[in-house]
Each structure stands twice: as C-alpha cells, then as structure tokens.
Amino acid sequence: MEKLKKQQILDDDVLEQLADAHQAPTLSIEKTDRMRNTLMAKIRQKKATKIQQFITVRGGDDGWIEALPGAKIKVLQGDISVANSLLSYFVQLEPAFKLPAHEHLFDEEILMLEGDLTLGNTTLSAGDFHFAAAGSRHGATSTNQGCLAYIRGGLPV
C-alpha cells in the first residue's frame, strides 16, 4: 500500500498570517493551578524514581580508579559511565603530575584536602576552595607535592 504524502494546503504566507493572529486562551486561576500542580507532581515522581535518597561512600583504598597516569579518582556521586556527566569525586594526584589546560562543561568546585595544586596562575593548598564557572578555561594543572582534593564538577576535557 502506498503511503500518503503530506501535502501543504495553505501557502506559507497564509499560514504565517494565521499563526500571527492566534491569541493565547485566557485560563482561570483554578485551571492554571491544576495544570501547574499536575506538572509538578509528575516532575517530583520522575525525580523520586531517579535519585537515591542517601548515598554513603566509605573511606579506604577501595573504589579508586586510575584516570590518567599519576591521577586516581574515587567517584562519590554520579555515573562515570555517562560521558560528560556531573560528578562528586576525590582526586589524588602524584607528585609532579601535570595536565594541559582544559575547559569546564559544568561549574566546578574544588576543596583541597592535602598537598598543593596549581591551576594556571593560582596555587591551592589544604583548606583552600576554588570555583570555576561552566565554560571557563584555565591554564595547565600541576602539583609539586601531590594532592588529595574533593571536586564537584565534570572530569576535565
């Protein structure tokens, strides 16, 4: 059986004029509230099925992944198997580790726990906090002593 081809019945200029003449309907407050509540209930239901209520990651040597030579990560929250995803993780860098400049797909927060970390012209040490906005790019990353840091963001790309 031959498929029916969709034919345009009205000319483009007529369709455009009809679209411009269309006015949004005026809804009562009750209908607007009902639509909003239904939508929000569906969003809450979807979030509840996707997000775990509690996650506990124990300290220790298990769960570390060698991301690059001289760099190990331990994912605390998020799915590392999903490309370019938002994660919470520890990073442990060996002394003299270097990484070229990179861009941030997400906002990135770094809390230094041990050692030193240089990001472009900024050097961090234990207790320091650093924020990089999504889309920002900083110079090369390096460490002299090695470091342990908590990071909330994406893996460097």
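Derivation of every value follows stated rules applied to the coordinates shown; laboratory data play no part. None of the values given here were measured: they were computed from a predicted structure. FYI the Cβ positions are ideal-geometry reconstructions off the backbone, even for glycines, and counts take in every protein chain you see.
Given H placed on each backbone N at 1.01 Å, which residues far from Leu155 in sequence or on other chains put an amide H within less than 5 Å of it?
Long-range HN contacts for Leu155: Ser85.
Counting other C-beta atoms within 10 Å, which of Glu108, Glu30 has the fewest, and how do the rest follow? Please list the in-between numbers first.
On the way: Glu108 20, Glu30 8.
Least to most surrounded, the residues fall as Glu30, Glu108.
Skipping prolines and chain starts, which residues have an amide H placed within reach, meaning under 5 Å, of the one on Leu76, given they are 5 or more residues away or on another chain?
The answer is Ser88, Tyr89, Phe90.
Which order do Met35, Met112 fall in if you start with the one that has the fewest other Cβ atoms within 10 Å? Before the final figure, lay out each step's value.
Numbers: Met35 11, Met112 19.
So the residues, fewest neighbours to most, are Met35, Met112.
Extending each Cα 7 Å along its Cβ direction at Asn37 and Glu66, get the distance between those two points in nm, one decimal.
5.8 nm
Length gain on complete extension for the stretch Ser88 to Thr123, per 0.36 nm per residue less the alpha carbon to alpha carbon distance? Before the final figure, lay out each step's value.
Values: separation 35, 0.36 × 35 = 12.60 nm, distance 2.14 nm.
Length gained between Ser88 and Thr123: 10.5 nm.
Contour minus end-to-end for Glu103 and Ala140, with contour as 0.36 nm per residue of separation and end-to-end as the Cα-Cα distance?
Working: separation 37, 0.36 × 37 = 13.32 nm, distance 1.07 nm.
Once the chain is fully extended between Glu103 and Ala140, it gains 12.3 nm.
In which sequence would Thr123, Thr118, Thr143 go, from the one with the fewest C-beta neighbours within 10 Å to the one with the most? Please list the in-between numbers first.
Numbers: Thr123 14, Thr118 17, Thr143 22.
Lowest count first: Thr123, Thr118, Thr143.
Run the numbers for Leu18 and Thr56: contour at 0.36 nm per residue of separation, minus the present Cα-Cα distance, in nm.
Values: separation 38, 0.36 × 38 = 13.68 nm, distance 5.72 nm.
Working it through step by step, the gained length comes to 8.0 nm.
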